[in-house]
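A short write-up of the structure that comes next.
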């Protein structure tokens with residue numbers, strides 16, 4: 001046989017071999033869909049979350065998933081009803097949905113784990129008792145995740161109470177998992193703040209960006225509006241779709257922000273939050289979409305994430321900070337210079353998180369409230385927001401805006417009947 005013929009046969013064999021390998025890979029992917037586990041499956045959030053996860057919007061339009069449900073308040077009849085309702089959707093990407101009845105098999109081969117809490121806590125119980133109750137369940141979940149889950153598992157913690165603490169405890173008991181693959185959802189608080197600000201400005205909430213939630217998501221949190229912007233705002237100054245204005249330059253009612261805005265954000269009771277399932281499910285799905293397909297460029301979102309010393313926070317502490325996701329990796333933008341994270345706020349955040357950790361581990365019996373530094377104003381709540389309280393600065397800002405405007409456009413007024421405007425410097429531009 002001629003050499004050319006042998007080379008041709010070799011090429012054909014290689015092509016066939018590649019095709020067979022590709023078919024085997026696709027078949028294996030079909031046999032092994034993405035394993036998604038949801039704890040706290042009895043809570044309403046789970047009911048709204050399942051159709052979103054199986055729709056293809058989160059993991060991709062070609063990614064089949066298998067959903068496994070786990071509940072700490074196991075009610076077999078209700079959960080089997082949920083399974084049947086999900087099967088009745090006949091979603092093409094939902095390969096399977098099942099209940100986990102053997103706790104030792106929980107999180108088996110899990111690629112994604114959503115930690116929900118289906119127990120409504122009694123708010124009349126002491127804070128310390130509720131904190132201590134988190135330790136055994138987190139220890140159990142953490143050990144099972146470390147033992148059974150995929151090595152690159154992505155864990156997302158959502159709910160109303162002790163999100164940072166729950167995330168931190170799970171990280172402690174999963175030594176083989178990347179700590180930054182276990183995060184807490186702060187977007188629910190962030191989105192509610194955006195919606196309130198948008199209603200104040202009579203604008204869509206989706207146009208409000210870069211509201212930062214610092215600290216303990218369900219404890220002492222600090223809502224930072226320093227970098228908050230609004231796009232496509234209908235005002236005297238208008239620009240292209242990517243043009244934005246800072247919110248604090250548009251909301252001059254500082255009294256509203258200090259009182260009504262903060263009071264509304266703090267008004268949820270545990271029972272009310274338990275029923276707010278739609279926004280919770282939406283935020284979980286959005287965070288997972290960013291995790292699998294990257295977050296929007298140039299925009300950051302508040303995420304409860306393990307600190308690596310950013311912004312002067314202690315390493316290893318789970319803190320809500322601004323973050324972005326690229327190529328499946330959450331990072332904190334350390335170049336964020338302008339923020340309202342003062343030393344006092346930082347100290348309060350650290351104190352709050354440390355106290356929860358000490359009480360949960362049994363090292364301390366009582367949660368010790370924060371004692372402000374001498375001269376610092378007292379605060380009656382663990383949640384606060386700070387804005388510029390100096391009304392004189394607001395007036396100064398108005399005056400500066402007027403001066404900038406008149407410095408760019410000048411008029412030559414004469415006594416004649418015709419008054420021609422003098423053209424401004426074409427090189428001068430507004431500083432957005």
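We did not get these values from a lab; they are worked out from the coordinates using the rules stated. Because the structure is predicted, anything quoted here is derived from the model rather than measured. Cβ atoms come from the backbone with ideal geometry, glycine included; neighbour counts cover every protein chain shown.
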May I ask you to order 5-13, 192-200 by the average number of other C-beta atoms within 10 Å around their residues, highest value first? 192-200, 5-13
Mind jotting down the three principal axis lengths of segment 25-181 based on Cα atoms? Whole angstrom, largest first. 51, 34, 28
Among the Cα-Cα pairs of segment 187-385, the proportion with separation greater than 21 Å, in percent, is 57 percent
Consider a paramagnetic label point 7 Å from the Cα of residue 260 along Cα→Cβ; state which residues of segment 204-223 have an amide N under 19 Å from it. 204-205
Inter-label distance for residue 250 and residue 7, nm, one decimal - labels placed 7 Å from Cα along Cα-to-Cβ: 6.7 nm
Calculated diffusion of segment 222-335, Stokes-Einstein form, Kirkwood radius summed over Cα pairs, 10 °C and 1.306 mPa s, µm²/s: 94 µm²/s
Run the numbers for residue 358 and residue 125: contour at 0.36 nm per residue of separation, minus the present Cα-Cα distance, in nm. 82.0 nm
